[in-house]
Each structure stands twice: as structure tokens, then as C-alpha cells.
Amino acid sequence: MRRTEPEGHGPVRYGPPLPDDGLPVLPELSAVLAAAAGRAGSEPVGGGAALLDAACGYWERRGLATGPEHVVAAPGAPALLLALTAALGGDVLVPRPCAAWWAPYARLLGRPVFHVATPAECGGVPDPYALLETVRRVRAEGGDPRLLVLSLADDPTATVAPPELLHETVEAATDEGLHLVSDETWRDTLHAPHDTVLLSPAEMLHDRVTVVTDLAGALLPPGWPAAVARFPVGATGDGLHARVLDVLTALDARVAGPVAAAATYALGEPEPLGAHVAAAVLLHARVAGAAHHAVVAAGALAPPPQAGRHLYVDLGPLRSGLAAHDVGDAQELEDFLAARLRMPAPGGHRFGDDLGALRVRLSTSPLLGRTDAERAECLGSPAPLELPHVKRALIHLKSVLDDLRDDAQRREPPR
């Protein structure tokens, strides 16, 4: 298959966006934004008092006592990670694979990025022994690792790290003097919240963890950029908070006034928004489960999705079938599946995975329909998988994967 580089699709300019929910905006949330549309100014750098207080309440409801002097708001998590990376200095460690937007900000600042293997059962959190080995190797080669970025509910793998693994990794990071940035963007999208234990590293390590949450994960539409960061209490956190504010000031990274009003409302988690988020999470969990079943039935591999609006698919077992279509690496697989599925299918190399590994992230929102009316119908349906447009989308996904399985079986040598 001929490798293509369509406009905006190159290795530098193309970064797959966060998987959005594809659903209409909650009317109450739109009303808050509309009521604030007359605000001509932006928030102060770092966020205004109402927004910071709402963020404190959000974290306190999750067991993290927080004061407004330890919170910063910005127009999206990328601005916060850029500021944190600049403020902390040194080399950056991330899991393999990791969210596509993590590494570019370190590279933009000229900071080396080192990927650390994750355990077989989940993504988002490095294997503690691999972390220790990587840190010591980097230092032996003259590097200066200072920052570890991880995620509990993970993009791209859609898995949730078990507390025991997280504890071991946090201990290893502490022993090596690393500062942790915990990306908790997807923590409110757990598919089985009553059966999944999710602990923040900030609950385990109080003085060396900064929590970052992009509200596009569950609370706001992605086109309304807002994110918040919670800094640790103490001298380390105070100094980092001040340096991050300096960077955000230099960037003039302010949350727009109307968006800040919507973010303040969303972080308060009023009943209409809570019900909307719960319904959206349940919908995407059902669709992700059906998509996962189609993937596994075709002979491909994917961890069962536990959070988010996506799944991470390994088509390595179907390599021989893909070879019939001249697909031999993740970029070629991305192009091939995007054309066949008629939906984005970013390859694993976008997330720091090996180019030669045949992995892609598939989002569930394209399976909900092509119009606002179809997607809204999904949200209100007690049986969304039975809706005609959802059934067609899932059948098409299954058909494409089954064809690859059949191609692979035809190319297997006779026994």
C-alpha cells in the first residue's frame, strides 16, 4: 500500500485529538455559556476565584483536599503540561504507549523523552522495574530524568491501572526523586465505576504529584478548552505553582470568559450535568463493549475497555491478511483502516508505540451515527445497540475485521 501524507496528516502536524463523545451539548451547559457570552475579557492567568473554588470542590469530592492557592486553570491540558515541563526542567519519562499529546511538548522545549514499558494487564502506568531500569540507564548516559507523566484511566489503551501496580510505580518514582504528573482526564468515564478501584497517585504521595484534568474528558465539549491542575501542598508545590504561573503568563494562556463560566458550572457537577455524564459514559461503555467483541471475534487483540470512548486494537495476529493489502506498519494500517472504516484510526506510533506493531486506537463516537439527531437518539435509547444506524456501524466494523481474518486464514500455510 502506498504511504500517503495528506495535508495536516504528517508526523509533526498531525496529532489525533482526544476521543470526543459525539453527543449534543447539554442545554443547561449551553445556557451558561450563552449567558456569559457578553463577557469581553478573559479570566486572569491561572483562573479566576470562582473557577478555582469550583475546581477545589471537584477534587474534594474525590478525596483530595485542595485550596485555591494550589490550583491553576488553563485553556486545555496541553498548556498545563507545557508549563509543567518547562518549570520542572530535565528529561521526561512516559509510558509506552501514552497519550499522543504528551511527548510533543517536551520535544518542543528540547527535552528528551524516554518511553517506559507498561505491564501486560494495563497501560498508562509504567512497570516499576522497567521504570527503575530506564531511570538508571538514562542517568548513566548523562541524562537528567525529573518528570514522570502517567494516567490511571488511560488514553490510548482504555484500561485502568490497579492500585497495587500504581503503588509500586509511585514508590519507584519516589526512590528516584521524580516528580509525577497524573493525567486524570478520563477518571470520570469509568465503564463500571462501582466495580473499578481508581486511586490517584496524589492520594499516595502528597508532596510530589501534580494532578492535571482536562474537562474535555467528561465535563465539557472539546471545543471549549479548559483544564485544571492541582499542585502538592508544601514548598515543592508552592515553587512549582509559581513557576507554572510564570510560564502561563508568558504564553498569555487564559481561559476565555464564557468558557470559564461553563467550566465553573461543570466542575460544580449539578444534577443535570451529572445525569448527562452518566448517560454518556454508559452509552460509550456499551458501544465499546460491542466493538471489543467484534475485534476479538475476528482474531485481533485488545484489552477490555474500562474507561473512555476508545479501545486499543492490536491487529498483529492478522498481519498476513494485512500484508495482502500492502500493510506492514502502523502508518499503513492507519491509512488502510481509516479508508475502510470511514473513521479515524490513528496508528500506535502516534502514541509512542513501535511503528512496526500493527496497533490502532479506535474511537466509539463515530459508531453513534453521522448526524446530531442520530447521536441524540443513542443517548436517550434504553437499547442503543439495537438502533439501526448503530447496528449498521457495528456490522461494518465487524465485516472489515472479518475480511482481514479471512485473508489471514487463506494465507496461512497448509498444516
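The values are calculated or read from the model by the stated rules, or taken from the named source; none is laboratory data. No experiment lies behind these values; they were computed from the predicted model shown. Cβ atoms come from the backbone with ideal geometry, glycine included; neighbour counts cover every protein chain shown.
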Open item on the list: With the structure loaded, tell me whether Pro317 is assigned to a loop (DSSP other than H, G, I, E, B) and either in contact with a Lys or Arg (Cβ under 9 Å, 6 or more places away or on another chain) or surrounded by 15 or more Cβ atoms within 10 Å (Cβ to Cβ) (or both) or whether it fails that test.
Closed with: no
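Kindly check whether there is at least one residue in the stretch 244-264 that is farther than 14 Å from Ala74 by Cα and modelled with pLDDT of 95 or more.
Step one: filter the stretch 244-264 for residues farther than 14 Å from Ala74 by Cα, giving none.
Checking the stretch 244-264: not a single residue is farther than 14 Å from Ala74 by Cα and modelled with pLDDT of 95 or more.
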Open item on the list: Quick check on Thr210: is it in contact with a helix residue (DSSP H, G or I) (Cβ under 7 Å, 6 or more places away or on another chain), outside any helix (DSSP H, G or I) and at negative phi?
Closed with: yes
Open item on the list: Being within 30 Å of Trp224 (Cβ to Cβ), among the hydroxyl-bearing types (Ser, Thr, Tyr), touching a residue at least 60 places away in the same chain (Cβ under 8 Å) and in a loop (DSSP other than H, G, I, E, B) is the requirement here; does Thr157 meet it?
Closed with: yes
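I'd like to know if the stretch 215-222 contains one or more residues that are at pLDDT below 95, outside any helix (DSSP H, G or I) and of a type outside the set (Asp, Glu).
Yes: one or more hits.
Listed residues Arg187, Arg139; which is surrounded by fewer than 24 Cβ atoms within 10 Å (Cβ to Cβ) and either more than 18 Å from the chain's Cα centre (by Cα) or without any contact (Cβ under 8 Å) to a residue 12 or more places away in the chain (or both)?
That would be Arg139, the only listed residue that is surrounded by fewer than 24 Cβ atoms within 10 Å (Cβ to Cβ) and either more than 18 Å from the chain's Cα centre (by Cα) or without any contact (Cβ under 8 Å) to a residue 12 or more places away in the chain (or both).
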Open item on the list: If a residue counts only when it is touching a strand residue (DSSP E or B) at 6+ places or on another chain (Cβ under 8 Å) and under 18 Å from Leu166 (Cβ atoms), which strands (runs of 3 or more DSSP E) contained entirely in the stretch 47-132 have at least 3 such residues?
Closed with: 91-96
Task: Identity of the residue in the stretch 190-206, surrounded by 20 or more Cβ atoms within 10 Å (Cβ to Cβ) and assigned to a helix (DSSP H, G or I), that ends up farthest from the chain's Cα centre (by Cα) - done: Ala202
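What residue, among those in the stretch 68-104 that are farther than 30 Å from Asp353 by Cβ and in contact (Cβ under 8 Å) with a residue 40 or more places away in the chain, is surrounded by the most Cβ atoms within 10 Å (Cβ to Cβ)?
Kept after step one, since they are farther than 30 Å from Asp353 by Cβ, are these residues of the stretch 68-104: 68-73.
From the residues that got through so far, the ones that are in contact (Cβ under 8 Å) with a residue 40 or more places away in the chain too are 69-73.
Details: Glu69: 12, His70: 23, Val71: 23, Val72: 27, Ala73: 30.
Per the stated criteria, the residue is Ala73.
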Task: Selected residue (criterion: modelled with the lowest pLDDT) from residues of the stretch 366-415 that are among the basic types (Lys, Arg) and more than 16 Å from Ala294 (Cβ to Cβ) - done: Arg415
- [ ] Pairs only if they're at least six apart or on different chains, beta carbon under 9 angstrom, first in the stretch 226-253 and surrounded by 14 or more Cβ atoms within 10 Å (Cβ to Cβ), second modelled with pLDDT under 95 and among the acidic types (Asp, Glu); list them, first residue then second.
- [x] Pro232/Asp207; Val233/Asp207; Thr236/Asp207; Gly237/Asp207
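On the given criteria, is Arg61 within 21 Å of Val233 (Cα to Cα) and of a type outside the set (Gly, Ala, Ser)? Write out each step before concluding.
Values: within 21 Å of Val233 (Cα to Cα): yes; of a type outside the set (Gly, Ala, Ser): yes.
For Arg61, the condition - within 21 Å of Val233 (Cα to Cα) and of a type outside the set (Gly, Ala, Ser) - is met.
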